[in-house]
Each structure stands twice: as C-alpha cells, then as structure tokens.
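Have a look at the structure below before the remarks.
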Amino acid sequence: MHTKILLTLALAASSVLASDLAMDAKNAGLKPIPSSTSELLKLIDNPKNPITPKKAELGKKLYFDPRLSKSGFISCNSCHNLSEGGDDGISAAIGHRWTANPHHLNSPTVYNSVFFSSQFWDGRDPHLEAQAQGPIQAAPEMAATPDHVLSVVTSIPQYVDEFKGAYGDDVKITFEKVADTIATFERTLVTPSAFDDFLNGNDNALNKTQKDGLKTFIDKGCTTCHNGVALGGEMNAFNITGIYKFQNVGDFKGDKNGMVKVPTLRNITQTAPYFHNGQIWELKDAIKEMGRIQLGTDISDKEAASIEEFLKALEGRKQDIVIPQLPVSTSKTPRPNIN
C-alpha cells in the first residue's frame, strides 16, 4: 500500500512538473498550433480570400505547375519541396538557367509559413499572397512575367473552369489572383507536432529528454527570438554578441536596419543547411553558433545535444500531398524558353 501511494504521488508530481514546464514555455512566448480546427482556421485564413477546398486544390496544381516559369521547368515545389522539409536542401537556391541565388540566399521552408509575420529573409512583406508573386518574377528563380503566367493559365480551359469553380463564374483571372490561389494552398501547409500536443495539455507527448531539452532551450534564452506559433518568422537583429563566422558568404546583410527574419524551428531537423546562406549543416553546430552570436553565451556540447532533442519534437505531422495531375496545354500555351 505504501509503495502504491508513493507511486501515485510520483505520477501526480510528474504531471505537475510537466504542466509547470508547459506554462514556462508559454510564459516564454511559445504558442501551440491549436488542436481545434475552428481556432486554427482563425490563425491561417485570409478574410479577404477565405480558404475553400476548391481554392486550395487549384492552388496546389499551380504550386506544382512548372509552366508558370519561363523555362517551363521550375515550379514552386522545385525550391520548396513538400516531400521533405519544404525547402530544397542546398545552400543557395538554384533557379532559371541553373542560376544560384546572387545573394547566396537559402530557400526557407514553406511549411507553417502562414504563421510568419514576415516573408523573405529581409522581411519585406508580411503576406503570403505577396510572397507568392516574388519568386515567379525573380530573374534568378522562375524568371516569368505576369503576362506569361496569365497567358499560361488562360490558355488552358481546365484552369479557366477551375478558377470559375473556385471564385465564381464572373472571376477575372489576373496574375495577382494566381498568386493568391497559390498562397491559399500554402496556408494549409501546417504541421502540428508532439510539442503542440504537449502545450495543448498532453503531458506525455514529450519524453523526458525532450522535456529536458525544452527547459534548456528556455533557460539559455533561445525563446528571445524563436517564439510564437512558428518559433520564428519575425524580424530580429543579427550578430548581436558576435559576428556569424560565414557572414561574408554572399552579400546579404539584412534589411536597412540590419534585421533578419528569424527562421522557424518547426521541422528544423529536415531543413539543413542552416542560416540565411546555408553554410552550417549540423544542427548542433547551428545551435552553438546562435548561442555565440545572438546570446553571447557558450553552449556546451551537452546543452546543444539537449536542445537538439527538444527540436526533434517539432517534427510535424504533414498531410499526405498527392502530386496533382496538371491540365493539358493547348496550342495557345506559351512554349518553354530556356534563354
């Protein structure tokens, strides 16, 4: 009987400690992806262009369609591959005519980007809809023009019909509408994880090493920048207490105030290489470098390993993405141009 009482008390104490840790995480600015569909929709929806199944499905087709690019070879998924971490897994994005990003910028993940308050590394726009327009038109990326994109879409009767089905028969198909539709699909790319289950009340969602890692993550001050639902996605100063050791790879120095978008830590185990110029491949090395240049602290190997164990709990549950069958081109569809 005495042993049973002690075991019961130990289990209760463990639950309290876990709950205290969850509260500490929330007090540090960490927020879960809501478990409620209605609450999640409030976070990801665009009131000016509400998510619907037809818009999202059409957006998925456009996301995967390489004909939107000048070459007819590059799609959104080329640099933001949904079959892995939502990025391309290389240091600098490769685009039109095998051109590496001229600023040596790394492709950020598209997963959970709906939670970012800033899009692009320099945070020049807060909206996914505007972000979707950028890579399509960028010369080193998809290298297309709005007219090209519009010509592709309007030359394909099935696309025209699907736009009517998604927006109504009186829809005016524009380049902006195409980008908005891609963004609608991207808004659905949310990956809840064991960490969210933990913050949403399931004390057993994290194992002991992950809980220890979360405590280390909070104690070392990582939540100063990596907070909110995305554990990142906002602008913050860079090189606060030291200079990033690969700062001179590429010419990116942040926005006009030296601010850089904080990468999300969700699915971070699947999005190497790290930093804006993709120069660090091992997560533990990235953790230690962040401690040095952002927090002014030496993170030991043991502490880095502990934090890395917590970050594994941010590996999200991804929806099954079935590659869509794209509608057939017509004689009016622009031909690929690799020049």
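Where a number appears in this text, it was derived from the coordinates with a stated rule and is not lab data. The model shown is predicted, which means the values in this text are computed figures rather than measured ones. So basically every Cβ, Gly included, is an ideal-geometry build from the backbone, and we count neighbours across all protein chains shown.
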In debye to the nearest 20, the charge dipole size for segment 284-339, taken about the Cα centre with +1 at each Lys and Arg Cβ and -1 at each Asp and Glu Cβ, equals 520
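So how do 41, 326 line up by other beta-carbon neighbours within 10 Å, fewest first?
With the sparsest Cβ surroundings first, the list reads 41, 326.
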Using a Förster distance of 35 Å, how high is the FRET efficiency between residue 83 and residue 212, based on the Cβ-Cβ distance and rounded to 0.05?
0.65
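Would you list 88, 196 from fewest to most Cβ contacts within 10 Å?
Values: 88 20, 196 23.
Listed from fewest to most nearby Cβ atoms, that is 88, 196.
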Under 19 Å from residue 211, Cα to Cα: lysines that are on another chain or at least 8 residues apart:
26, 31, 220, 284, 302, 312
Roughly how many whole Å is it from the C-alpha centroid of segment 249-307 to that of segment 75-110?
18
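Does segment 58-212 come out rounded, prolate or oblate by the C-alpha gyration tensor, with a ≥ b ≥ c the root eigenvalues, rounded set by a/c under 1.5 and, if not, prolate when a/b is larger than b/c and oblate if not?
Numbers: a/c = 2.45, a/b = 1.50, b/c = 1.64.
Judged from the Cα gyration tensor, segment 58-212 comes out oblate (a/c at least 1.5, b/c at or above a/b).
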Taking the Cα centre of segment 49-186 as origin and charging only Cβ (+1 Lys, Arg; -1 Asp, Glu), how large is the dipole, in debye to the nearest 20?
220
Set the Förster radius R0 to 22 Å, insert the Cβ-Cβ distance between residue 285 and residue 239 as r into 1/(1 + (r/R0)^6), and round the FRET efficiency to 0.05.
0.80
Just 153, 328, 249 to compare: in a GNM of the chain, with alpha carbon springs under 10 Å, which one fluctuates most?
328
Taking H as built 1.01 Å from N, whose amide H comes closer than 5 Å to the amide H of residue 235, not counting residues under 5 places away?
262
What are the lysines whose alpha-carbon lies under 16 Å from the alpha-carbon of residue 261, with same-chain residues fewer than 8 places away excluded?
253
Measuring from its Cα centre, segment 35-95 shows a charge dipole (+1 at each Lys and Arg Cβ, -1 at each Asp and Glu Cβ) which, in debye to the nearest 20, is 380
Taking the Cβ of residue 232 as the center, what net charge do the other residues with Cβ under 11 Å away carry, scoring Lys and Arg +1 and Asp and Glu -1?
+1
Quickly estimate the mean residue ellipticity at 222 nm for the chain, helices only: each DSSP H run with n ≥ 4 gives -39500 (n - 2.57), and the total goes over all residues, rounded to 500.
-11500 deg cm²/dmol
Can you give me the span-like helices of the chain, meaning DSSP H runs with 30 Å or more of Cα extent along the axis and Kyte-Doolittle mean at or above 0.5?
2-27
Provide 186, 289 in ascending order of the number of other Cβ atoms located within 10 Å of each residue's Cβ, fewest first.
289, 186
Which of the listed residues, 243, 41, 167, is farthest toward the dipole's positive end in the chain, when Lys, Arg count +1 and Asp, Glu count -1 at the beta-carbon?
167
Provide the gained length on full extension for the span residue 39 to residue 224, in nm with one decimal, where the gain is 0.36 nm per separating residue minus the Cα-Cα distance.
64.1 nm
Along the Cα→Cβ direction, 7 angstrom out, place labels at residue 331 and residue 161. What is the inter-label distance in nm?
2.0
Taking 7 Å along the Cα-to-C-beta vector as the label spot, tell me the residue 172-residue 23 distance in nanometres, rounded to one decimal.
5.6
Between 281, 98, 121, find the one with the highest GNM mean-square fluctuation for the chain; connect C-alpha pairs within less than 10 Å.
98
